[in-house]
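This report refers to the structure that appears directly beneath it.
The values are calculated or read from the model by the stated rules, or taken from the named source; none is laboratory data. These figures come from a predicted structure and were not determined experimentally. FYI the Cβ positions are ideal-geometry reconstructions off the backbone, even for glycines, and counts take in every protein chain you see. Each accessible area value is taken on the protein alone, full model and side chains, heavy atoms only, with ligands, DNA and RNA left out. Shrake-Rupley method; radii C 1.70, N 1.55, O 1.52, S 1.80 Å.
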Amino acid sequence: MDANGRQPLEDLVHWDGELSELIEAARHGDPTATVTLSRDHTAAVVEKVTTGLASPSELIDWAQAVHFEDRVDIDEGHQDLLTQFLVEVSTPELFEPVTLAVCQRWLHALRATPESHTKAVGR
């Protein structure tokens, strides 16, 4: 663990390890630690699904864990895009099923320039 006690949260945001273990470790980590979710973190996680390293259902679990973790801040420069991603992916029953095509669309949006992200996600 680093000096700030952020390691479990960092590992969760980076999805660096077994997801269920990361979620559990983050729950029991330092209650004062915080980490910031960036567009790059999110793109790397979505890429896990598009390359077959993770399933869409695992992405839903990750998005729920990150979205509902109070100690994860959203990068202010991309707050709208990242919040939209977390809300839509964490609650597919309210939006659309998380499929490979949906992940590819989000990956494109996350890698797009900030000005074009709205067009890329079809909004």
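For the stretch 25-39, a residue qualifies if it is open to solvent by less than 80 Å² (accessible area, probe 1.4 Å) and not in a loop (DSSP other than H, G, I, E, B), and the qualifying residues are A25, A26, V35, T36, L37, R39. Evaluate the stretch 66-73: report whether one residue or more is surrounded by fewer than 16 Cβ atoms within 10 Å (Cβ to Cβ), of a type in the set (D, E), at pLDDT below 95 and in a helix (DSSP H, G or I). So far as the stretch 66-73 goes, no, none of its residues is surrounded by fewer than 16 Cβ atoms within 10 Å (Cβ to Cβ), of a type in the set (D, E), at pLDDT below 95 and in a helix (DSSP H, G or I).
Being assigned to a helix (DSSP H, G or I), open to solvent by less than 60 Å² (accessible area, probe 1.4 Å) and not aliphatic (A, V, I, L, M) is the filter here; which residues of the stretch 40-55 pass it? Across the stretch 40-55, the qualifying residues are H41, T42, K48, T50.
Just one of the listed residues (E21, E58) is without any contact (Cβ under 8 Å) to a residue 24 or more places away in the chain and either part of a helix (DSSP H, G or I) or in contact with a Leu (Cβ under 7 Å, 6 or more places away or on another chain) (or both), namely E21.
Run down V87, V35, V49 and say which single residue is touching a helix residue (DSSP H, G or I) at 6+ places or on another chain (Cβ under 8 Å), touching a residue at least 40 places away in the same chain (Cβ under 8 Å) and within 27 Å of Q104 (Cβ to Cβ).
Only one candidate qualifies: V49.
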